[in-house]
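Notes to accompany the following structure.
The values are calculated or read from the model by the stated rules, or taken from the named source; none is laboratory data. Just so it is clear, the model here is predicted, and its values are computed rather than measured. We place every Cβ from the backbone using ideal geometry, glycine too, and count neighbours over all the protein chains shown.
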Amino acid sequence: MIPYEAIAAAITCAALAAATWLNRAVIGCLPDDPPRPGRKQHSRPIPLAGIVLLPVVLPWLLWLGEWWLAVAATIAAGVGYYDDRGKEHGRDLDWRWKALGLGFASLAAAAAAVDPSQQPLAFLGITALAFVLTNATNFLDNTDGVCASLSAASLLCLSHGHGAAAIVGFAALGFLPWNWPRAHLFLGDAGAYLLGIVTSAMVGRAAVLDPRALLAIAVQLADFVQVVSARIVLGLPPWVGDRRHLTHIVQNLGLPKIAVAPVFAAVGALLAMLAR
């Protein structure tokens, strides 16, 4: 039986269609990601539409009583959207302000996972995990379909297709037709941060009961650790993007770009199922 949460996929897909029309015909509400030399290899400006996920999932989160999760998602998506707007004009948000905003979002995500007064150490650990995973999720928004499909795999397998995690997971699936196999829209920081912060809260909540739940985000963390380590060794700023991610490595080894998202999602789903 298909869970009711799956409706979120159809609503997201329809909301993106409406936002795309509004952006083109009425008001430019979505920032564009213009082509740039180096890692930006698309040939035309692509709208950054991840912010559309927020009004889709937010009412559901509030309805389910996930107040702290709603706060975390709103802050993370808001910070990302502000950054996306600036990047459209070549003005990235200063990393210190971005870190501060994501820090507050991470605290809210940890509060959604555990009661800080009852489990203070777990609360601090999940806060740190949320900050790292949110950035790790954004790091993987570098190849069509990878971020959305991998986040969906982690959330849906971990949640058994039910609850708040499933709603956001299905919303990520609803974004996928717009982003893979050919990108008409990008998640941008707003969408990637939202998916990352929700995933961290759900994984943190599960990991308190069973640490194996961390397997659900093993791919995201593996990419984050290896790419940050490589940048530090090379003397590069860890937050400056490049083409040293696992997604780029497998393409250099011969995996077709169109197959990267399915392969990463399959590995993520397998690991997430082992965590159950």
Check your understanding: Taking the stretch 226-245, which residues are hydrophobic (A, V, I, L, M, F, W, C), surrounded by 13 or more Cβ atoms within 10 Å (Cβ to Cβ) and without any contact (Cβ under 8 Å) to a residue 40 or more places away in the chain?
Key -> VAL228, ALA230, LEU236
Practice item. Kindly indicate whether LEU121 is within 21 Å of TRP60 (Cα to Cα), among the aliphatic types (A, V, I, L, M) and surrounded by fewer than 24 Cβ atoms within 10 Å (Cβ to Cβ). Key: no
Exercise for review: Would you check if there is a residue in the stretch 48-57 being at pLDDT below 95 and either farther than 17 Å from ALA19 by Cβ or assigned to a helix (DSSP H, G or I) (or both)?
Suggested key: no
Practice item. Restricting attention to helices (runs of 4 or more DSSP H) lying wholly within the stretch 207-276, give those where 3 or more residues are closer than 17 Å to SER149 by Cα and modelled with pLDDT of 95 or more. Key: 218-233, 257-274
Review point. Do we have ARG96 as touching a residue at least 12 places away in the same chain (Cβ under 8 Å) and more than 13 Å from the chain's Cα centre (by Cα) here?
Key: no
**Study point:** Residues located in the stretch 138-169, provided they are farther than 19 Å from ALA206 by Cα, of a type outside the set (Ser, Thr, Tyr) and in a helix (DSSP H, G or I)
**Key:** ASN138, PHE139, VAL146, CYS147, ALA148
**Study point:** Candidates PRO181, PRO116 - the one that is without any contact (Cβ under 8 Å) to a residue 24 or more places away in the chain and either part of a loop (DSSP other than H, G, I, E, B) or under 21 Å from LEU274 (Cα atoms) (or both)
**Key:** PRO116
**Study point:** Condition check for PHE170: surrounded by fewer than 22 Cβ atoms within 10 Å (Cβ to Cβ) and within 15 Å of the chain's Cα centre (by Cα)
**Key:** no
Review point. What is the number of the single condition among (1) out of contact with any helix residue (DSSP H, G or I) (no Cβ under 9 Å at 6 or more places or on another chain); (2) crowded, with 20+ Cβ neighbours inside 10 Å that THR12 does not meet?
Key: (1)
Review point. Got a sec? Which of ALA265, ALA261, ALA213 is closer than 30 Å to LEU121 by Cα, of a type in the set (Gly, Ala, Ser) and surrounded by 14 or more Cβ atoms within 10 Å (Cβ to Cβ)?
Key: ALA213
